[in-house]
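No lab work stands behind these numbers, since they all come straight from the coordinates. Because the structure is predicted, anything quoted here is derived from the model rather than measured. With ideal geometry, Cβ positions are generated from the backbone for all residues, glycine too; neighbour counts draw on all protein chains shown.
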Amino acid sequence: MPEVQPPPTAAGPDRTPPCALVIFGASGDLTERKLLPALAQLAAEEVLPRELVLVGVARTQLSDDDFRARCRKTMSSSAPSVERLIAGARYVAGAYDDPATFTALDELLRQIDETYGTAGNRVYYLATPQHLFGPIAVRLGAAGLDKSPTGGFVRLVIEKPFGWDEESARRLYGDISSVFAEEQVFRIDHYLAKETVQNLLAVRFANAIFEPIWNRTWVDNVQITVAESIGVENRGGFYETAGAMRDIVQNHVLQVLSLFLMEPPTSFHPEAIRDEKLKLLRAIRPFKDEEDVARRAVRGQYARGGTREQPLPGYREEPGVDPVSSVETFVALRLHIDNWRWAGVPVYVRTGKRLPQRITEVAIEFQRPPQLPLFPSTDLEPDALLLQVAPSEGLSIRFGAKTPGRSFAIRKASMDFAYREGAAPDHAEAYERVIFDALVGDPTLFIRADEVGRSWRIVDPVIAHWARSAEPIPLYQAGTWGPREAKELISVDWRRWRHSGR
């Protein structure tokens, strides 16, 4: 996947430009749960101009009024700006493989340009299953909808997953790039739009106190945990084809890791930041053979657990799941970054369903001080810098401090910053930020094609090894911190997981 030239400077951050926002999959779950509420909030904040028109496209047969009624029910706001957005909404019913659908869309968009002054600007948001991304892009090109009739901008926004492995990602890239230039394509990872994840950049580069210790000399290890207390719920059918590696590690985890550990960019231009993320991904040591995968990668699947009063079903008991499934619901990896800054510092990542608590955290653990006679305690946790993404959002620095009293005993203390306490009233949720940035053309928090390819190259050998393995998948009881092998993965290095229930 080729490198791309930096895009033009994005529009200002205060207000989006005139535009027709076309949502494919407008009658689906993602649109109802995420996109319409986010649009309602943006409209209520009056960052959407009067010249922005919402257009829904889906197979479901609806009239304009039917679509507006759905929008009104979901957007549930009395703000005049929200009602104005709903009142102007339009709808095109048709199959995604039918040229007539795209002909009708083209005619409607031209009418909207004339009536509402949308200036020929279009943003196509594909809120559809990923196997439709390529065909829809090709159909848009065949109908001439990849270009503006007035010279305005045209952008394509797509959700993850971006393929199922590197080969399929390249095929998807080939379909899309046959119609749209790379700078027109905005690949979403909504984790990157979370305020706390963006705060990674501020922590790294707006504070001189961290830079001298952000390297192998002072850092002992890095841990990234994305834990969920819920099971797969109604996503069993999806999980059977994906698993935790594809669902979380290939995108969320590797993107957060690259932001946290990348080198300082030459500027805060979007391409400068994405260049450094790609360099970091390229520095991650590949899994070289079966033995290496077995040594550095652990999978697991949750089995029945909980208590007598509150039993928790196992993965194989969930709706849509094969009763003999070997799909992983837990992944733990030990990664190594072969560059000057991080050589020799292990990076431990783990993610899983049905763990004891919901928490997303990035932690840097620092080297322990020499155990001088002055400090008799040897069981202290190491000093750490913690960035918490969920459920609470904030930053914490953990360090040793003397306990009150006559004895010279040391305990762990912390300095905490709760992100929400310092947030502005218009603190944006992830999908609000995603939609806003796509409308103004800021690609900073979107994923470039070469990042996608590199991420698949990292995880593909592990996925392939597990697919070939005749060994039964390790099980862990629902409500625990994963299989025994995950603890062994880190304990062999004389370290232990944070939040491991010890």
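Highest mean first, the peptides 266-275, 218-227 sorted by other C-beta atoms within 10 Å per residue fall in the order 218-227, 266-275.
Classify the range 192-491 from the C-alpha gyration tensor, please: rounded if a/c falls under 1.5, else prolate or oblate depending on whether a/b exceeds b/c. Because its axes are fairly even, with a/c under 1.5, the range 192-491 counts as rounded.
Got a sec? Which residues in the range 94-123 would a label at His131 touch, if it sits 7 Å along Cα→Cβ and we count backbone N under 15 Å? From the range 94-123, the list is 96-97. Computed from backbone phi with θ = phi - 60° and the Karplus coefficients 6.51, -1.76 and 1.60, the 3J(HN,Hα) list for the range 471-480 is 6, x, 5, x, 9, 9, 5, 3, x, 10 Hz; x is used for glycine and proline.
Each residue of the range 485-493 was assigned a 3J(HN,Hα) from its phi angle through the Karplus expression (A = 6.51, B = -1.76, C = 1.60, θ = phi - 60°), giving 4, 5, 5, 5, 4, 9, 5, 5, 8 Hz with x at Gly and Pro. Excluding residues on the same chain fewer than 8 positions from Lys73, give the lysines whose Cα lies under 25 Å from its Cα. Cross-link targets: Lys34. Rounded to 0.05, the FRET efficiency of the Asp322 and Arg406 pair, given R0 = 45 Å and the Cβ-Cβ distance, is 0.10.
Once backbone amide H atoms are built at 1.01 Å from N, Leu475 has Gln301 as its partners under 5 Å, excluding neighbours fewer than 5 places away on the same chain. Loop only per DSSP, at most 10 neighbouring Cβ atoms within 10 Å: give me the chymotrypsin sites (Phe, Trp or Tyr not before Pro) in the range 302-347, ordered by residue number. Loop-located and lightly packed - Trp340. Within the shell defined by Cβ-Cβ distances under 13 Å, the residues around Thr128 carry a net charge of 0, with Lys and Arg each +1 and Asp and Glu each -1. Once backbone amide H atoms are built at 1.01 Å from N, Trp214 has no partners under 5 Å, excluding neighbours fewer than 5 places away on the same chain. Diffusion of the range 129-280 by Stokes-Einstein, at 10 °C in a medium of 1.306 mPa s and with Rh set to the Kirkwood radius over alpha-carbon pairs, works out to 87 µm²/s.
In percent, rounded to a whole number, the relative contact order of the range 192-491 is 28, using alpha-carbon pairs under 8 Å and six or more apart. The alpha carbon centroids of the range 115-155 and the range 337-372 are separated by 42 Å. For the pair Ala343 and Ser392, label points projected 7 Å from Cα toward Cβ lie 4.0 nm apart.
Find the relative contact order for the range 301-363 and round it to a whole percent, using C-alpha pairs within less than 8 Å whose residues are 6+ positions apart.
24
Projecting label points 7 angstrom from Cα along Cα→Cβ for Ser414 and Ala69 puts them 5.0 nm apart. Note down the Stokes-Einstein diffusion coefficient of the chain in µm²/s, whole number, using a Kirkwood radius over alpha carbon pairs, 25 °C, and 0.890 mPa s. Stokes-Einstein gives a translational diffusion coefficient of 100 µm²/s. Across the chain, Cα pairs under 8 Å and at least six residues apart give a relative contact order of 18 percent.
Calculated on the Cα set of the range 70-109, radius of gyration then Dmax: 13.5, 38 Å.
Distance between the modelled labels on Glu471 and Asp97, one decimal in nanometres: 4.1 nm (7 Å Cα→Cβ projection).
Within a straight-line Cα-Cα reach of under 16 Å, Lys412 can be paired with the following lysines, leaving aside sequence neighbours fewer than 8 residues apart in one chain: Lys402. Here the alpha carbons of the range 19-188 define both size measures, Rg and Dmax, at 15.4, 48 Å.
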